[in-house]
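Data block below; observations after.
The values are calculated or read from the model by the stated rules, or taken from the named source; none is laboratory data. Everything numeric in this text was worked out from a predicted model, so none of it was measured. So basically every Cβ, Gly included, is an ideal-geometry build from the backbone, and we count neighbours across all protein chains shown.
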Amino acid sequence: MTMKLLLAAGLLAACIGCSSKTKMNADIEQRDLFDESDRRSFEQSTELAEVSEAASEAELRAQQDELKREFEREEQRLLEERTKLDVENAQKQEEMQREADIKEQLSQNDSLLSQRSVFYDFDSSVIKEAYRPIVKAHGNFLKQYPSVRIRIEGNCDDRGSREYNLALGQSRAEQLKQALVLIGARQDQIDVVSYGAEKPIALGIDNDSRSKNRRSDLVYID
Amino acid sequence: MFSVFRITNGLTKVFWLSAVFLYGAASAQVEIEIIADEGAKIPITVLPFEGGGAEARLISEIISADLMKTGLFTIQGFEKKWSRAKLTESDYPDWKSKDVQNLVIGKFMDLDDGRIQGTFWLYDILGQAMSVGYQIKDDPAQIRRMAHHFADLIYEKLTGDKGIFRTKIAYVVRSKDKSTLVIADSDGHNPKEIYSTNEPILSPSWSPDGGQIAFVSFINRKAAVHVVPVDYERSRATGKPRIIGPYPGSNSAPAWSPDGKSLAIAISKDGKSDIFIVSLNDQSKVQITNDRFINTEPSFSSDGKNIVFTSDRPGRPQVYQTTVKAVSEVRLTYEGRYNASPQFSPDDSFVVLIHYDERKFNVGTLDMKSGIVQILTNGSLDQSPSISPNGKVIVYASEANGRGILRFVSKNGRAKLRYVGPKGDDIREPSWGPFIKD
């Protein structure tokens, strides 16, 4: 940008220098008018000079026109640059707004999006009716903002085989992912892991604690 | 510091075994309680070894404890004045008159070269013959191993089965933010930390030669199969465990092939889980199961030709068997809401598993001939059964007062033991190691 402006200024300066040099040559030819001894050659040379003066004037005009056009083109370019910048700025602002929107939507306390867990029955990876609206809200959100990434973490309660639970947690998380993809999320927006029964959030062995541990968490990744 | 052996089914004998061991930086107490002890027994009298001192006494105490814990022996009392000299032919009537049937006497001494020497004899009083005589010279630090070796020889002579008193058990100790893989003697002594991480550890599995342990832990939030050498000092020096794969998805449930050259593992991906056999040499893998269900927890038969595993194909986890070559699968369990964690017995005659009947999870055995499942335990949440290399005892994870403990049950269900770790430890995921080579 700045480089182009400098270039344009340089071209203009070179052009002014060029036309003053032509005027100087004309002055010298005027002085020759007072030389009686060589009138003939003067006449001849005047003729020649007139011809050459006419030629150089046309050249000069052409040059000046070209420079003007060049200058105008440069101005146009600068204008376009500025417009592009403005657009970029607007886009950036839009992006920032979008990010702010994403943040805001994700930080609202009372929205469906604020609910980030789906809970299951024992030994089941079926998403229960009650959690469909939550899944739908997250699916639509991911569809609306394709740049957003999440990780689904499948968990199980402590009952049964630890290894089977690891596979069950994976199955819970994968089925939730497929539900989100059906709504419109892209496959590559969602990573899936299973902790099986290894990372319980509730440590009790009562039904309430166990039902809290049978869950998939949706974790939004910054 | 001591271990407690307590018989709680109405018998009166209490054995106090003196033993000091260190667990990490802090010393602690191992409690082993015999909670059931039924059926006909082989009577045996184990006299304190000659040679005096705590070590000589310790050897005979360890032998008694080992034999008693199997539930197959009655340890008979003795009088202090009884002779501990080698028997001659004329001594048998005298021992018979004392109602002694099987008699163990022995000698202990420190050798000039710094080693210790133990010698023992087992006499069949009714048959009027010495059935076993054996001598061991070893490092003083190996005194418990020496006693377990004697107990193995006595057990083998009197039951016909190989003894497991020198074998090791691997398990996981879970604290707040840390999991530690530990190996200990099968009686809980000499625990050694093998590997420690902030992530959970599960499913330890011994290589057939006892030199390595495969287990599952998490890397970047994903389950991955790890392999570490059992040699404590060496594994510390070499640091990081070897990771098998990792292949995309959850990698878990490692089981060694009997030749030790490959691992069967489960790989969970795209909402399903399948069993693969991975070569440890070049990590090439062969897929064994292939459907849209959960297939996990593989265990090889002794010849390596069959695999039992857990699958939820019927909508609930049940136990299946497949051949390794030319895959042909059969369902093995039908009774019960939930059957899982199968492991072949060493002679392939039965499979140990966990069984859920809508109320509680218990350890059971599935007889491969009759298909009958026999439930052996009565906890509410028994998990992770692992069978001893002689097929006679099953160790499993259970709970007491909100923390994980290990329990042992004999294959016939008659003998039950409880192993409570050092105070505060939450113990889980036991895995019984192979026989120790002499």
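Assorted remarks:
- Only one entry in A:VAL192, A:VAL181 is under 30 Å from A:TYR145 (Cα atoms) and buried (at least 22 other Cβ atoms within 10 Å of the Cβ), namely A:VAL192.
- Residues located in the range A:173-198, provided they are under 24 Å from B:LEU353 (Cα atoms) and either more than 7 Å from chain B (Cβ to nearest Cβ) or in a strand (DSSP E or B) (or both): A:SER194, A:TYR195, A:GLY196, A:ALA197
- Checking each residue in the range B:262-272 for being on the phi < 0 side of the Ramachandran plot and either surrounded by fewer than 24 Cβ atoms within 10 Å (Cβ to Cβ) or at pLDDT 95 or above (or both) picks out B:SER262, B:LEU263, B:ALA264, B:ILE265, B:ALA266, B:ILE267, B:LYS269, B:LYS272.
- Condition broken by A:GLY154, with the remaining ones in (1) over 14 Å from A:VAL118 (Cα atoms); (2) more than 7 Å from every other protein chain (Cβ to nearest Cβ); (3) outside any helix (DSSP H, G or I) satisfied: (1)
- Sole residue being part of a strand (DSSP E or B) and either without any contact (Cβ under 8 Å) to a residue 60 or more places away in the chain or in contact with a helix residue (DSSP H, G or I) (Cβ under 9 Å, 6 or more places away or on another chain) (or both), chosen from B:VAL330, B:VAL395: B:VAL330
- Every condition in (1) within 13 Å of the chain's Cα centre (by Cα); (2) within 20 Å of A:ILE205 (Cβ to Cβ); (3) at pLDDT 95 or above is met by B:ILE387 except one, and the failing one is (2).
- The criterion of being away from chain A (no Cβ under 14 Å), at pLDDT below 90 and part of a helix (DSSP H, G or I) holds for B:ARG234.
- Scope the range B:256-300; condition facing chain A (nearest Cβ under 10 Å), farther than 26 Å from B:PRO385 by Cβ and in a strand (DSSP E or B); matching residues: B:LYS269
- Top-ranked residue in the range B:247-261 [being at pLDDT 95 or above and not polar (S, T, N, Q); ranked as surrounded by the most Cβ atoms within 10 Å (Cβ to Cβ)]: B:ALA253
- Residue within the range A:122-144 that is in a loop (DSSP other than H, G, I, E, B), under 30 Å from B:PHE215 (Cβ atoms) and more than 11 Å from every other protein chain (Cβ to nearest Cβ) present: no
- Residue that is nearest to A:SER161 (Cα to Cα), among those in the range B:181-219 that are among the polar types (S, T, N, Q) and either in a loop (DSSP other than H, G, I, E, B) or within 14 Å of chain A (Cβ to nearest Cβ) (or both): B:SER203
- Residue, nearest to the other protein chains (Cβ to nearest Cβ), within the range A:199-222, restricted to residues that are in contact with a Leu (Cβ under 7 Å, 6 or more places away or on another chain) and surrounded by 16 or more Cβ atoms within 10 Å (Cβ to Cβ): A:SER216
- Unique residue being of a type in the set (Gly, Ala, Ser), more than 15 Å from the chain's Cα centre (by Cα), buried (at least 22 other Cβ atoms within 10 Å of the Cβ) and within 14 Å of chain A (Cβ to nearest Cβ) when the list is B:GLY379, B:GLY404: B:GLY404
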